[in-house]
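A.B. asks: First, the structure itself, so that you have it in front of you.
The values are calculated or read from the model by the stated rules, or taken from the named source; none is laboratory data. Remember, it's a predicted structure, so these values are computed and weren't measured experimentally. So basically every Cβ, Gly included, is an ideal-geometry build from the backbone, and we count neighbours across all protein chains shown.
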């Protein structure tokens, strides 16, 4: 790793994003393990509903965290529901949103995708200093590549940054970023990477969301048997391989978005040790 690469990694690891699931006890875990310089993003799912996301986001905002709720388009019923949700977040002091389509097989109402919801927000988008949209370094398991590409163009004018779906292969990420830039999308990109997570859980999730190339890469990496014995994925190698991309101004990498799967103590210990190594 070059000196420029090490500096680029250190700069971005000082203010990362930790994605959490709105499960019981997550607020206490965040308060116990996550310092305030880390932005916390809160997922939404069809099973738990949007209210669980909003409630956790409100509590974390009161605790003093910069919090980014996932406003999944397919969980919003109609324009009135959207206005209600946005007003609730403004009252809570939330000033940033991440807007994916969401995983619900059928939309709850008027919005089948993120573009439609962002358009319906209209002037209310100005109430939020940051609005994130999704990017896919690998093919989406349900949506054709040409559709995800055109959707990014559609949403880009209504957003302020892109968050990439989880990926384990630095070469795939770098090629995707180069392609995004070549197509004319200049929004800053938060690179989505796994945190410190049990291998079995990571593989289950990867196969469930259709990460074919990344899953094959993970399973074929040198030292796979040793990692099976330790039963834990650590992002050290991926970070090292991403250093040159992070340091490239043309890539416009804003930082790293860690998919923590609520393993907050693990990822924060790893971050602190990695920063010490990079800056020591």
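A.B. asks: Considering only residues that are surrounded by fewer than 17 Cβ atoms within 10 Å (Cβ to Cβ) and within 30 Å of residue 168 (Cβ to Cβ), look in segment 106-138 and name the one that is farthest from the chain's Cα centre (by Cα).
C.D. replies: 112
A.B. asks: Quickly run through segment 12-30 and pick out the residues that are loosely packed, with under 14 Cβ neighbours inside 10 Å and part of a helix (DSSP H, G or I).
C.D. replies: 28
A.B. asks: Hey, another quick one. Where in segment 131-216 are there helices (runs of 4 or more DSSP H), lying fully within it, with 1 or more residues that are farther than 15 Å from residue 233 by Cβ and at pLDDT 90 or above? Talk me through it step by step, then tell me what you get.
C.D. replies: Numbers: elements: 145-156, 170-182, 199-208.
So the answer is 170-182.
A.B. asks: Restricted to segment 41-61, and to residues that are part of a loop (DSSP other than H, G, I, E, B) and in contact with a strand residue (DSSP E or B) (Cβ under 7 Å, 6 or more places away or on another chain), which residue is surrounded by the fewest Cβ atoms within 10 Å (Cβ to Cβ)? Don't jump to the end; show me each part of the working.
C.D. replies: Quick first cut of segment 41-61, residues part of a loop (DSSP other than H, G, I, E, B) only: 43-48.
Now restrict to residues that are in contact with a strand residue (DSSP E or B) (Cβ under 7 Å, 6 or more places away or on another chain): 43-44.
Details: 43: 21, 44: 27.
Of everything passing the filter in segment 41-61, 43 is surrounded by the fewest Cβ atoms within 10 Å (Cβ to Cβ).
A.B. asks: Mind counting the residues in segment 90-108 that are within 14 Å of residue 125 (Cβ to Cβ), out of contact with any helix residue (DSSP H, G or I) (no Cβ under 7 Å at 6 or more places or on another chain) and not in a loop (DSSP other than H, G, I, E, B)?
C.D. replies: Counting residues in segment 90-108 that are within 14 Å of residue 125 (Cβ to Cβ), out of contact with any helix residue (DSSP H, G or I) (no Cβ under 7 Å at 6 or more places or on another chain) and not in a loop (DSSP other than H, G, I, E, B) gives 3.
A.B. asks: For segment 81-105, enumerate the residues that are exposed (fewer than 15 other Cβ atoms within 10 Å of the Cβ) and within 22 Å of the chain's Cα centre (by Cα).
C.D. replies: Kept after step one, since they are exposed (fewer than 15 other Cβ atoms within 10 Å of the Cβ), are these residues of segment 81-105: 83-84, 87, 90-91, 93, 105.
Residues satisfying the conditions are 90, 93, 105.
A.B. asks: Please determine whether any residue of segment 79-89 is modelled with pLDDT of 95 or more, under 30 Å from residue 36 (Cα atoms) and part of a loop (DSSP other than H, G, I, E, B).
C.D. replies: No, there is no match, as no residue in segment 79-89 is modelled with pLDDT of 95 or more, under 30 Å from residue 36 (Cα atoms) and part of a loop (DSSP other than H, G, I, E, B).
A.B. asks: Right, another one. How many residues does segment 250-280 contain that are touching a helix residue (DSSP H, G or I) at 6+ places or on another chain (Cβ under 8 Å), at pLDDT below 95, on the phi < 0 side of the Ramachandran plot and not in a helix (DSSP H, G or I)?
C.D. replies: Of the residues in segment 250-280, 1 are touching a helix residue (DSSP H, G or I) at 6+ places or on another chain (Cβ under 8 Å), at pLDDT below 95, on the phi < 0 side of the Ramachandran plot and not in a helix (DSSP H, G or I).
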